[in-house]
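The values are calculated or read from the model by the stated rules, or taken from the named source; none is laboratory data. Keep in mind that what you see is a predicted model, and the values were worked out from it rather than measured. Backbone-built Cβ (ideal geometry, glycine too); neighbour counts: all protein chains shown. Heavy atoms of the whole protein, side chains included, go into the accessibility calculation; ligands, DNA and RNA do not. Shrake-Rupley method; radii C 1.70, N 1.55, O 1.52, S 1.80 Å.
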Amino acid sequence: MARKSSRDRLSNEINAGSMADIAFLLLIFFLVTTTIDVDKGVLVRLPPWSEDDPETEKLNKRNVYSVLVNANNELLVRGEPADIKQLRENAKEFIANPNNREDMAESPQKAIISLRNDRGTEYGTYLEVYNELKAAYTELRNAESQRRFQKDFAFLSRDNRKQIIQAIPLILSEAEPTDFGEEK
Amino acid sequence: MSKFQKKRGKATPAISTASLPDIIFMLLFFFMVVTVLRDSTLKVDVNVPQATELTKLEKKSLVNYIYIGKPVEKYQATYGTKPRIQLDDKFADLADIPLFLEKHRSTIAESQQTSINSSLRVDGKVTMGIVTDVKTQLRKSNQLKVNYSAKPRQE
């Protein structure tokens, strides 16, 4: 008789009250262990590789904005030592050439940025320089699209964006790095 | 009138919590699906530099990750303190890069192969020599879209 009563108890419902706690525990575990990793960075398109030496093209000196970075992370812009803080404004002035100076780019389409670094240059400095140059172009493009379409470059339609890119193309050539500095 | 008053007399029943686990499970599954577990453990120290001109990498399956930095302390006895390359979970040499890229490329549909990106996660203190060598390898493998991983700069 005692057995029968215990069988009766088995048919009782399982208490599901702690289910929520278990689920919460799992939830918190996943919240803590997972990282929503937003991967951001400076997007660059490398030139295709070719075995032959690149064609040398005679360029008008006034159209070339050369930036050299040495192994001590110092900048030489168009033959003169420069500070990275002024690089953006300096590059903008060179590309747009608002005062039509003789020694700056004829037009934004003809401006060429030439970037050269040393094998001993710190990557952080290199990226900072690259970032400043890219930022100069972004600001110029934004100004141009504000003037033409009263909108920022990022919000333009595809066709309008093409027009702006044609007006202000980003031409950045990277030369083979020099090999003077010590690699760490 | 008496019909309405009848209800007030009844005791309010306890709110059923039976569906609470289901709600929590739903949340749990949501988080399990949207979050990505960190796929490779870092064997090199990577502290990416800061920048302002950032682009987001959209599709994670279309991205190669290449890490460059000094080996972490645990591995410095065997690998030294010179910057090294890490692909997937292993230390690698320059010569391993083409195969690594090809392996990744073969897992992706042909129509999408042109939009493969390489994310270079390089420590800010690393010198450009090794980075240039990696870039040359990428160019040789015709993998031209590169994203220099960086943190947004706090002004």
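One residue alone among A:L75, A:L43, A:L27, A:L87 is without any contact (Cβ under 8 Å) to a residue 60 or more places away in the chain, open to solvent by less than 100 Å² (accessible area, probe 1.4 Å) and touching a Leu at 6+ places or on another chain (Cβ under 6 Å), and that residue is A:L27. For region A:101-111, state whether one or more residues are away from every other protein chain (no Cβ under 14 Å), crowded, with 19+ Cβ neighbours inside 10 Å, under 22 Å from the mean Cα position of the chain (by Cα) and of a type in the set (A, V, I, L, M). There is at least one residue in region A:101-111 that is away from every other protein chain (no Cβ under 14 Å), crowded, with 19+ Cβ neighbours inside 10 Å, under 22 Å from the mean Cα position of the chain (by Cα) and of a type in the set (A, V, I, L, M). Note on region A:134-151: among residues that are basic (K, R) and over 21 Å from A:L68 (Cα atoms), the one that is surrounded by the fewest Cβ atoms within 10 Å (Cβ to Cβ) is A:R147. Restricting attention to region B:28-61, the residues that are among the aliphatic types (A, V, I, L, M) and surrounded by fewer than 16 Cβ atoms within 10 Å (Cβ to Cβ) total 6. Anything in region B:8-53 that is within 12 Å of chain A (Cβ to nearest Cβ), modelled with pLDDT under 80 and within 30 Å of B:K82 (Cα to Cα)? List them, or say none. Listed by number, the residues that qualify are B:L37, B:R38, B:D39, B:S40. Helices (runs of 4 or more DSSP H) fully within region B:50-148 that include at least 3 residues being within 20 Å of the chain's Cα centre (by Cα) and under 30 Å from B:V34 (Cβ atoms): B:97-106. Specify the residue that is least open to solvent (accessible area, probe 1.4 Å); the eligible residues are those in region A:152-168 that are in a helix (DSSP H, G or I) and more than 10 Å from A:R141 (Cα to Cα). That would be A:N160. For region B:142-155, a tally of residues being touching a residue at least 40 places away in the same chain (Cβ under 8 Å) and open to solvent by 60 Å² or more (accessible area, probe 1.4 Å) returns 4.
Against the conditions (1) touching a residue at least 12 places away in the same chain (Cβ under 8 Å); (2) open to solvent by 20 Å² or more (accessible area, probe 1.4 Å); (3) facing another protein chain (nearest Cβ under 7 Å), B:R139 satisfies every one except (1). Among the candidates B:G69, B:G124, B:G129, the residue that is within 12 Å of chain A (Cβ to nearest Cβ) and free of Cβ contacts under 8 Å to residues at least 40 places away in the same chain is uniquely B:G129.
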